[in-house]
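See below for the structure under consideration.
No lab work stands behind these numbers, since they all come straight from the coordinates. Quick caveat, the model's predicted, so the values are computed rather than measured. Here the Cβ positions follow ideal geometry from the backbone for every residue, glycine too, while neighbour counts run over all protein chains shown.
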Amino acid sequence: MKESSRKSGEVASYRMIGRTGTASLLLASFLSLFLPVDSASGQLDKETIRFVGDVLVGTEYGTKVEEQVVYRWETPPRLSTFGDGSHHPAIVQKTVAHINEFLPANRRIAMLDPNDDSATIKLYFVPFKEFEPLAKAEGFEVSDADWGVFYMRWNRFCEIESAIVLIADDKLNGRRMQHFLLEELTQSLGLAGDSRRFKESVFYEDLDEREFGTAIELSNLDRKLIRFLYEHVQPGTSAVELGVLLERHWQP
């Protein structure tokens, strides 16, 4: 597991397999203690609270306490495909349309023409062997076992300003391609952690059991989480603040 690098006025982060998730789990456990839980009355149950902490607080490789906050876009992301994206226009359009259903109008992903360098989300469909040089050029590293990767940059206010998504189109096709694309694009919006709590979630991953998600649509819980993040949570929100917002705004 690698730690993110810091530059002046910028923090860079990247997704790698092999995350222990210790920091995220500790914060999620804190949330479960912070909020009153009463499943019978329809309030948040402990597993849902921990799921929210897993996915929204920090990133799936983060270890530093000061980095365990929420990151999200404050401007509408603009997406363009690169590499062999011409083979996948239908799946990209379908995936973006699906995600956009659950984002507010002023944060929805805008689709640009292919190979548009003005894009703030650059989506690469490339052979897996091209991951390493692409990542190196952008200043991050990739795992030799991960066929889908996202990488985000945010400013000192924890506002995401750009993201890169790498999809290995020589390794993935059909439903697996759909799942990887949906997961990486959704995580590039700031839902940057995995969780072992709900198998139907696009964020599902249990490294201890070597189980990984297969969802090709966002679950009901995933949809609620996206809406909650973009309607009620500000960039830089801490775990304590997130607990207060959950109590006030989460819809059972």
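Take the alpha carbon atoms of segment 207-252, find their radius of gyration, then divide it by 2.2 N^0.38 Å using N residues; give the quotient.
Details: Rg = 13.5 Å, N = 46, 2.2 N^0.38 = 9.4 Å.
Working it through for segment 207-252, the quotient is 1.44.
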Going by amide H atoms built from the backbone, whose H comes under 5 Å of the H on Phe203, apart from near neighbours?
none
Per residue of segment 235-242, in order, report the coupling 6.51 cos²θ - 1.76 cosθ + 1.60 (Karplus, θ = phi - 60°) as ³J(HN,Hα) in whole Hz, putting x for Gly and Pro.
x, x, 4, 8, 4, 5, 5, 5
Cβ-defined net charge surrounding Arg227, 15 Å radius [Lys, Arg +1; Asp, Glu -1]:
+3
In nm, to one decimal, how far is the Asn220 label point from the His232 one, both placed 7 Å along Cα→Cβ?
1.7 nm
Considering amide H positions built from the backbone, and no H for Pro or chain starts, which residues 5 or more places from Glu161, or on another chain, come under 5 Å of its amide H?
Arg153, Trp154, Asn155
How far apart, in nanometres, would the label points at Arg210 and Gln93 be if each is projected 7 angstrom from Cα along the Cα-to-Cβ direction?
4.0 nm
Calc'd 3J(HN,Hα), segment 88-97, phi into Karplus 6.51 cos²θ - 1.76 cosθ + 1.60 (θ = phi - 60°), Hz, glycine/Pro = x, comes to 10, x, 5, 5, 5, 4, 5, 5, 5, 4
Packing-based exposure ordering (other Cβ within 10 Å, fewest first) of Ile121, Ile91
Ile91, Ile121
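Two-decimal Rg/Rh of segment 91-227 from alpha-carbon positions, Kirkwood Rh? Let's see the in-between values first.
Values: Rg = 14.6 Å, Rh = 15.6 Å.
Expressed as Rg/Rh, it is 0.94.
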At a Förster radius of 25 Å, what calculated FRET efficiency corresponds to the Cβ-Cβ distance of Glu241 and Glu47, to the nearest 0.05?
0.75
Loop-located GluC sites (Glu not before Pro) in segment 166-252, at most 11 other Cβ atoms within 10 Å (DSSP)
Glu209
Nitroxide proxy distance, nm - points 7 Å out along Cα→Cβ at Glu74 and Asp116:
2.3 nm
